[in-house]
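Student: Have a look at the structure that comes next, please.
The values are calculated or read from the model by the stated rules, or taken from the named source; none is laboratory data. Bear in mind that the values here come from a model prediction, so they are computed numbers and not experimental data. Neighbour counts are summed over all protein chains in view; Cβ atoms, including those assigned to glycine, are modelled from backbone coordinates with ideal geometry. These area figures cover heavy atoms from the full protein model, side chains too; ligands, DNA and RNA do not enter into them. Shrake-Rupley method; radii C 1.70, N 1.55, O 1.52, S 1.80 Å.
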Amino acid sequence: MSSAQPRGPTTPHLYLPDAERPVRAKLLHLSTDTRVVPHHHAFAQLALSATGVVRMTMDDGSFIVPPSRALWIPPGVEHAVTVVEDAELLTLYLHQPRGRVGPQVPRSLDAPWRRCRVLEVSELLRALALELDKRPNAPGLVLDSAELQRERRLSALLFDELRRARPVPLGIALPRDKRLRALCQAVLDDPTRHTTLDAWAFDAGASPRTVARLFRSELSTSFAQWRQQVLLARAVTLAARRLPMASIAAELGYASASAFSAMVRRSVGMP
C-alpha cells in the first residue's frame, strides 16, 4: 500500500452547475494511490476517467471507473476516490430541476438514477464531456453569448446521450457488518491471494460457515459470486492497460482466455 496522504475534494464550489450552465466540467490529474477522503455534493455528478483508472467507494459499494465507463453518482451520496493508475479524472457536475434525480428525465423514470450505476460511455458522450469548458469560476470570467449558447447545446446533447447510456453490472456491493467489510476490503486489495472461502475466512479469523452466512444476509449473494464481481473489476483495470486477454485470464487465475471470456459473458452479457 502507498503512504500517500489522503486529500480533500478539490474546489467543487468553483464548478457549481445552475440553470444557466447546467453541466460543469472539471479535469484533475491524479497520481497512483492518491486518495480523496469521503465527501458528497448537493448535485448529481458523472465521473469519467479520460485516462487511467480510479476506484470510487460508497457505503454500500465500490466501483472501478476505466476510460470506457462512467459512474453516475446521485446528489448527496458520500463517496471516496482511490487512484488505481495515474489518471485524468473528468467530473461532470449536473444541475437538475427541483425534485429530480435523473439526467433531466420525467420523475416517473427517476428510480434507476437514485442509485450509483456504471454506464457505458459512447464516443459521442466522451467527446461532448471533453469539449465542455473546464475553467473554474473566477472573478472576471464571463462567457459571452456565443460561448454560452454553444455550451448549452453541448449540455443538452450530453443529457440526451446520458439518458441513452447502457448500465453495466460492474459494481461491487459492500456490507455494513465490520467483520465482513474488512474481509471484503482485503479481497478488493488482492483478489487473487486466495481462491476459496475457507482460506479467506482463515485469514479473517472467522469460520467459513459464518462468513458464508454473512454474505447471504448482508449482500444476498454467495462469496463465489461476489468475488467474481471483484475479478471482473480487476479485469477492467488490466484491460485499460491494453493487456492481451490471455494475460488477463492468467493473472486472474483462469486456465485459458476462453474460460475467462465465458465467465465475463455469463456475468455481464457481453464479451
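Student: Considering Cα pairs under 8 angstrom that are at least six residues apart, work out the relative contact order of the range 185-263 and quote it in whole percent.
Tutor: Answer for the range 185-263 is 21 percent.
Student: Hey, what do the phi angles of the range 63-68 turn into as Karplus ³J(HN,Hα) couplings, whole Hz, using 6.51/-1.76/1.60 and θ = phi - 60°, x for Gly and Pro?
Tutor: 3J(HN,Hα) across the range 63-68, in whole Hz: 9, 8, 10, x, x, 8.
Student: For the range 250-255, in order, what is each residue's ³J(HN,Hα) by Karplus, 6.51 cos²θ - 1.76 cosθ + 1.60 with θ = phi - 60°, in whole Hz (x at glycine and Pro)?
Tutor: Per residue, the Karplus-derived 3J(HN,Hα) values read 5, 5, 8, x, 8, 5 Hz.
Student: Quick one: with all protein chains in place, what share of the accessible area of the chain is carbon or sulfur, to the nearest percent (1.4 Å probe)?
Tutor: C and S atoms contribute 53 percent here.
Student: Could you state the angle between the C-alpha long axis of helix 178-189 and the longest principal axis of the C-alpha atoms of the chain, as a value from 0 to 90 degrees rounded to the nearest 10?
Tutor: 80 degrees
Student: Collect residues whose amide H, placed 1.01 Å from N in the peptide plane, falls under 5 Å from the amide H of V84; neighbours closer than 5 in sequence don't count.
Tutor: D33, V53, V54, R55
Student: Still on this structure, I have one more. What ranking do 41-54, 193-206, 148-161 get when scored by the average of other Cβ atoms within 10 Å per residue, highest first?
Tutor: Put in order of decreasing packing, that is 41-54, 148-161, 193-206.
Student: Quick check on the chain: what are the equivalent-ellipsoid semi-axes from the Cα gyration tensor, as sqrt(5λ), descending, whole Å?
Tutor: Square roots of five times the eigenvalues give 35, 19, 18 Å.
Student: Sort the range 192-239 into rounded, prolate or oblate with this rule: let a ≥ b ≥ c be the square roots of the eigenvalues of the Cα gyration tensor; rounded if a/c is under 1.5, and if a/c is not under 1.5, prolate when a/b is larger than b/c, oblate otherwise.
Tutor: It comes out oblate by the Cα gyration axes.
Student: Quick one: putting +1 on the C-beta of Lys and Arg, -1 on the C-beta of Asp and Glu, what dipole do you get for the chain around its Cα centre, in Debye to the nearest 20?
Tutor: 680 debye
Student: What full-extension length gain, to one decimal in nm, is calculated for E123 and E251 as 0.36 nm per residue of separation minus the Cα-Cα distance?
Tutor: Residue separation times 0.36 nm, minus the Cα-Cα distance, leaves 43.1 nm.
Student: If you don't mind, another one. Taking the Cα atoms only, what angle lies between the long axis of helix 223-240 and the longest principal axis of the chain, rounded to 10 degrees?
Tutor: Tilt relative to the chain: about 50 degrees.
Student: In degrees, nearest 10, range 0 to 90: what is the angle between the Cα axis of helix 257-268 and the longest Cα principal axis of the chain?
Tutor: For 257-268 against the chain, the angle is about 60 degrees.
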